[in-house]
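K.L.:
Got a structure for you, written out below as structure tokens; questions coming shortly.
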Amino acid sequence: MGKALIAALVAVPVAGAVLGLGAAITRGVVEGFQADAGRDLFSARTGLDEATARRFGRAAGESYADAWGESIEANMETARVAMEQGLLDRDATIADIEHVISALSGVTEIMQVDIPGAARAAGQMVRTGMARDFDHAMDILVAGYQNGANASDDLLDTLEEYPTHFRDLGLSGEEATGLLIQGLEGGAFNADKVADALKELTIRVKDLDDQAAGDALRE
């Protein structure tokens, strides 16, 4: 009887509008509680105060409103991971936070990878100087993906593990990614194999430098 009554009321324009408004209010209340719980969890995981967590939550909400991320809570977790990898700091503005959330969400959707993996690779590239900043790191990842560097699904792991060796060889992020692509096109099993060969080259160059230095001292 209750279902029949509601169906009849919905058929009446004014009554239907009232019921629809009630449902919208209910959804808003539930979403509000969820957002508060998400901020509390974010604050507990990061150690940030309530005001800072609220700023991050607002940025996460605005990014979600722009159709980025699966939910506000998911976007706050993206922001947390970005902070963990040094891509955001506690003083970041709402615009900066929203930009990082949206960019990470967009790049991982393009590359079909997870957000933590992309954040770790980007953070490592920035820390080692292979990328100038977050946006540059994102550009390198996308360009590498588009040109086949992720053919064996290991581009992110490779750029997380080997940047220090690439840096020691004097390679930029673009140059290192280009060598990975060339190696794969030349028949390498995966990007890790190419990067490992470059690592061995780095070790041998250092050994030659040490030997040359020793010879010079003996002379």
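The values are calculated or read from the model by the stated rules, or taken from the named source; none is laboratory data. Everything numeric here is computed off the predicted structure, so don't read it as measured data. Cβ placement follows ideal geometry from the backbone for every residue including glycine, while neighbour counts extend to all protein chains displayed. Surface accessibility is based on the protein's heavy atoms, side chains included, excluding ligands, DNA and RNA. Shrake-Rupley method; radii C 1.70, N 1.55, O 1.52, S 1.80 Å.
K.L.:
What list of ³J(HN,Hα) values in whole Hz, one per residue of the stretch 103-120 in order, does the Karplus curve 6.51 cos²θ - 1.76 cosθ + 1.60 (θ = phi - 60°) give from phi, with Gly and Pro shown as x?
P.N.:
Along the stretch 103-120, the couplings run 5, 4, 5, x, 5, 5, 5, 5, 7, 6, 10, 8, 5, x, x, 5, 5, 5 Hz.
K.L.:
Find out how many positive minus negative residues lie around E62, taking Lys and Arg as positive, Asp and Glu as negative, among other residues whose Cβ is under 13 Å from that of E62.
P.N.:
That sum, taken over residues with Cβ under 13 Å, equals 0.
K.L.:
Give me the net charge of R90's neighbourhood, meaning all other residues with Cβ under 10 Å from the Cβ of R90; Lys, Arg count +1, Asp, Glu -1.
P.N.:
-2
K.L.:
What net charge is computed for the residues neighbouring A151, neighbours being all others with C-beta under 15 Å from the C-beta of A151, Lys and Arg scored +1, Asp and Glu -1? Let's see the in-between values first.
P.N.:
On the way: positive: K193; negative: D153, D154, D157, E185, D192.
Result for the neighbourhood of A151: -4.
K.L.:
Using the crude model of +1 on Lys and Arg Cβ and -1 on Asp and Glu Cβ, and no other charge, please compute the dipole size for the stretch 119-203 relative to its Cα centre, in debye to 20.
P.N.:
160 debye
K.L.:
Now for a separate question. Compare H136, H99 by solvent-accessible area with a 1.4 Å probe and give them largest first, with all protein chains kept in place.
P.N.:
The residues order as H99, H136, largest area first.
K.L.:
Could I ask something else about it? State, as an integer percentage, the relative contact order of the stretch 42-87 based on alpha-carbon contacts under 8 Å between residues 6 or more apart.
P.N.:
33 percent
K.L.:
Just to check, using Stokes-Einstein with a Kirkwood Rh over alpha carbon pairs, what's the diffusion coefficient of the stretch 64-219 at 25 °C and 0.890 mPa s in µm²/s?
P.N.:
147 µm²/s
K.L.:
Quote the Stokes-Einstein diffusion coefficient, in whole µm² s⁻¹, for the stretch 48-117, based on the Kirkwood radius over alpha carbon pairs, a temperature of 25 °C and a viscosity of 0.890 mPa s.
P.N.:
Working: Rh = 11.7 Å.
My calculation gives 210 µm²/s for D.
K.L.:
Placing +1 at every Lys and Arg Cβ and -1 at every Asp and Glu Cβ, with all other atoms neutral, what dipole size does the stretch 41-154 have around its Cα centre, in debye to the nearest 20?
P.N.:
Numbers: 9 positive and 19 negative charges, 55 e Å.
Result for the stretch 41-154 is approximately 260 debye, rounded to the nearest 20.
K.L.:
Here's another thing I want to ask about it. Report, largest value first, the span of the C-alpha coordinates of the stretch 78-150 along each principal axis, in whole Å.
P.N.:
Rounded to whole Å, the extents work out to 37, 25, 17 Å.
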